[in-house]
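Since every read-out is calculated from the coordinates, none of them should be taken as a lab result. Source: prediction; values computed, not measured. Positions of Cβ are generated from backbone atoms using ideal geometry, with glycine treated the same way; all protein chains shown enter the neighbour counts.
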Amino acid sequence: MKSKYNIGEKKERTANYISAMKPETVDRIYEQIMLKFVVEKKYRDSAYTAAQMAEEIGYNTRYISAVTHLRFRDNFSQLINSFRIREAMYMLTDKHFANMSAEEIGLYTGFSSRQSFYAAFFRMNSMTPMEYRVSMTENKDKKK
């Protein structure tokens, strides 16, 4: 059934170069991506791109995109935002960051603006950062 706007289901496509990648190469790039995000926290840089990562780890952006798709089922932009949002979720509920506004947390975790932070956060959690902070605070209070 066609929708009103002639939008069909998204078809899963895989580029040829993805299937041609050796598993060892995929593993090596995956480890480098995790190092850059988990250890070095490169996602906090709002201007960080797949091209920068590719240059730092010595592979081209197609390889970064391929591994991001294979291992995370996301594109690079979605992946970097998920790391940012996970850290923001932690910070929004940790008492050490209670004095920081949601906007400050968004900027600290790598979003370039309040609007981009709120939009990405809402897409992932179906609530705003402030709604999340309030709901998690209320849940902590109930547990006491």
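If the chain linking VAL134 and SER46 were pulled fully straight, counting 0.36 nm for each residue of separation and taking away their Cα-Cα distance, it would gain 29.1 nm. Using a Debye calculation, one point per C-alpha and no hydration shell, please list log10 I(q)/I(0) for region 16-73 at q = 0.19 Å⁻¹ in order. Result of the Debye calculation: -0.63. With only Cα atoms counted, region 82-143 has Rg and Dmax values of 10.9, 35 Å. Which one, MET89, ALA54, LEU35, projects farthest toward the positive side of the charge dipole computed for region 12-144 from Cβ point charges (K/R +1, D/E -1)? Most positive-ward Cα: MET89. Quick one: Debye curve from the alpha-carbon atoms of region 46-96 only, equal weights, vacuum; give me log10 I(q)/I(0) at q = 0.15 Å⁻¹ to two decimals. Normalising to I(0) and taking log10 leaves -0.48. Once the Cα-Cα distance is subtracted from the 0.36 nm per residue extended length, the LYS22 to SER126 segment shows a gain of 33.7 nm.
Within region 25-138, the proportion of C-alpha pairs whose separation exceeds 24 Å stands at 29%.
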